[in-house]
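The values are calculated or read from the model by the stated rules, or taken from the named source; none is laboratory data. Predicted model only: the values in this text are computed from it and were never measured. A quick note on method: Cβ atoms are made from the backbone with ideal geometry, for glycine too, and the neighbour counts reach across all protein chains shown.
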Amino acid sequence: MISIMKTNSQANETGKIDVIEKGCWVILKDPTNAEIERVAEEGKLTADFLRTALDKEESSRIEIEGNEILIILDIPVITYVDKLKEKSVQYITLPLGIILNDDIIVTVCLTDNKIMDDFENNKIKGFFTNKKSRFILQMLLRVSNYYLKYLKQIDKASQIIENTLHKSMKNKELIQLLSLEKSLVYFSTSLKANEAVLEKMLKLKFLKQYPEDEDLLEDAIIENKQAIEMANIYSNILTGTMDAFASIINNNLNMVMKFLTSITIVMGVPTIIAAFFGMNVPVPFGEFRFGFLIVILITAIISGMVTFLLIRKKMF
């Protein structure tokens, strides 16, 4: 899918247009070859640069070729998957390609994402398509902000699962925690790769033209470092939590088995006594009128004593 946006310099409003022209922003989401060729031809860009971000395994980096600059960043994305017959949230990272020359700027991504949506819906203050350096820095800052936002969501989700795990004997919650831990590993790896890109951008000349742009870049670097620290902390906490709760699940199962064993012992006493008195041989109280009640009473007394001993031994 292709969308084209441009800021009207007179009205200071950004809206969609139909043609690629100077000062515009071209948005490619899972584009076809025809769309890539069109943008490459009309925007005078290298088609290979436009295809780079379509590889899920592409790493964050910066490439400069002539008057073209390619910036690859890993951005956080929420996906929904069916696990254990339930729909669950999964956090992953995907490459976002930013390609620009003297005339236009192009972003390429494999799927819809909230970062680009915020710019398309004019939710970013001071966003202008013709101010390419500021636009890139605003995008970098927005990426870091969403990493922090999703990290907080992961932390809240893990706390909810932890509360359920206290009384659980199933693997469902552990599998959910494992999914969150994988998300944190993806985030941590991607954030470190983005950090290298941000540090390299400090050296690019076109970003040093305006003091406010340098401030934006510094803010993006600070937010990214904060996200790295949060990802590492949450990952360590989650790893320890999974180990602890794996032991808790085993302990809960052992407690249930101990309780069932104790019940079996108590219920076994009446069975043994009934077996003795049910034999086809002379037995005590066989001729006595209230013999059955006496046997029941003896059984109850012995069962009570066994129950008392098991309680003393904390088997219940």
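Using the structure shown, decide if Tyr150 is of a type in the set (Phe, Trp, Tyr), within 20 Å of Leu177 (Cβ to Cβ) and either surrounded by fewer than 16 Cβ atoms within 10 Å (Cβ to Cβ) or touching a helix residue (DSSP H, G or I) at 6+ places or on another chain (Cβ under 8 Å) (or both). The answer is yes for Tyr150.
Among the numbered conditions (1) exposed (fewer than 14 other Cβ atoms within 10 Å of the Cβ); (2) touching a helix residue (DSSP H, G or I) at 6+ places or on another chain (Cβ under 9 Å); (3) farther than 30 Å from Asn251 by Cβ; (4) not aromatic (Phe, Trp, Tyr), the only one that Gly291 does not meet is (1).
Pick from Asn8, Asn12: which is out of contact with any strand residue (DSSP E or B) (no Cβ under 6 Å at 6 or more places or on another chain) and either under 18 Å from Leu70 (Cβ atoms) or in contact (Cβ under 8 Å) with a residue 40 or more places away in the chain (or both)? Steps first, please.
Details: Asn8 fails: either under 18 Å from Leu70 (Cβ atoms) or in contact (Cβ under 8 Å) with a residue 40 or more places away in the chain (or both).
None of the other options fit; the residue is Asn12.
Test of understanding: among Ala231, Ala300, which residue is surrounded by 15 or more Cβ atoms within 10 Å (Cβ to Cβ), at pLDDT 85 or above, touching a helix residue (DSSP H, G or I) at 6+ places or on another chain (Cβ under 9 Å) and farther than 30 Å from Asp102 by Cα? When all the criteria are applied, what remains is Ala231. Going by what's in this entry, would Leu137 be described as outside the structural domain of Ile71 (by TED's automatic domain parsing), in a helix (DSSP H, G or I) and over 20 Å from Ile64 (Cα atoms)? Here the answer is no, as Leu137 does not meet what is asked.
Among the residues of region 39-50, those that are crowded, with 17+ Cβ neighbours inside 10 Å and outside any loop (DSSP other than H, G, I, E, B) comprise Val39, Ala40, Gly43, Phe49, Leu50. If the condition is being touching a Lys or Arg at 6+ places or on another chain (Cβ under 8 Å) and touching a residue at least 24 places away in the same chain (Cβ under 8 Å), then region 22-54 contributes Gly23, Cys24, Trp25.
Mind checking whether some residue in region 58-66 is in contact with a strand residue (DSSP E or B) (Cβ under 9 Å, 6 or more places away or on another chain), among the small types (Gly, Ala, Ser) and either surrounded by fewer than 22 Cβ atoms within 10 Å (Cβ to Cβ) or modelled with pLDDT of 85 or more (or both)?
Looking through region 58-66, at least one residue is in contact with a strand residue (DSSP E or B) (Cβ under 9 Å, 6 or more places away or on another chain), among the small types (Gly, Ala, Ser) and either surrounded by fewer than 22 Cβ atoms within 10 Å (Cβ to Cβ) or modelled with pLDDT of 85 or more (or both).
Only one of (1) surrounded by 11 or more Cβ atoms within 10 Å (Cβ to Cβ); (2) outside any loop (DSSP other than H, G, I, E, B); (3) of a type outside the set (A, V, I, L, M) is not met by Asp55, so which one is it? Of everything listed in (1) surrounded by 11 or more Cβ atoms within 10 Å (Cβ to Cβ); (2) outside any loop (DSSP other than H, G, I, E, B); (3) of a type outside the set (A, V, I, L, M), Asp55 misses just condition (2).
For region 105-130, the set of residues classified as free of Cβ contacts under 8 Å to residues at least 24 places away in the same chain and among the charged types (D, E, K, R) consists of Asp117, Lys123, Lys125, listed by residue number.
Within region 286-293, is even one residue modelled with pLDDT under 85 and part of a helix (DSSP H, G or I)? Yes, there is a match, as at least one residue in region 286-293 is modelled with pLDDT under 85 and part of a helix (DSSP H, G or I).
Please pick out the residue among Phe277, Phe245 that is surrounded by 15 or more Cβ atoms within 10 Å (Cβ to Cβ) and in contact (Cβ under 8 Å) with a residue 60 or more places away in the chain.
On the way: Phe277 fails: in contact (Cβ under 8 Å) with a residue 60 or more places away in the chain.
Step by step, each of Phe277, Phe245 is checked, and only Phe245 is surrounded by 15 or more Cβ atoms within 10 Å (Cβ to Cβ) and in contact (Cβ under 8 Å) with a residue 60 or more places away in the chain.
Modelled with pLDDT under 85, over 20 Å from Asn145 (Cα atoms), part of a strand (DSSP E or B) and not aliphatic (A, V, I, L, M): does that describe Thr7? So Thr7 passes the test.
In region 16-38, the qualifying residues are those that are exposed (fewer than 11 other Cβ atoms within 10 Å of the Cβ) and touching a strand residue (DSSP E or B) at 6+ places or on another chain (Cβ under 8 Å), and the one that is modelled with the lowest pLDDT is Asp18.
Evaluate region 67-88: report whether one residue or more is surrounded by 12 or more Cβ atoms within 10 Å (Cβ to Cβ) and of a type in the set (Phe, Trp, Tyr). Checked against the condition, which is being surrounded by 12 or more Cβ atoms within 10 Å (Cβ to Cβ) and of a type in the set (Phe, Trp, Tyr), region 67-88 yields no hits at all. Does at least one position in region 68-87 carry a residue that is modelled with pLDDT under 85 and part of a loop (DSSP other than H, G, I, E, B)? Yes; the residues of region 68-87 include at least one that is modelled with pLDDT under 85 and part of a loop (DSSP other than H, G, I, E, B). Of the residues making up region 188-219, those that are modelled with pLDDT of 75 or more, more than 18 Å from Gly97 (Cβ to Cβ) and of a type in the set (S, T, N, Q) are Ser188, Thr189.
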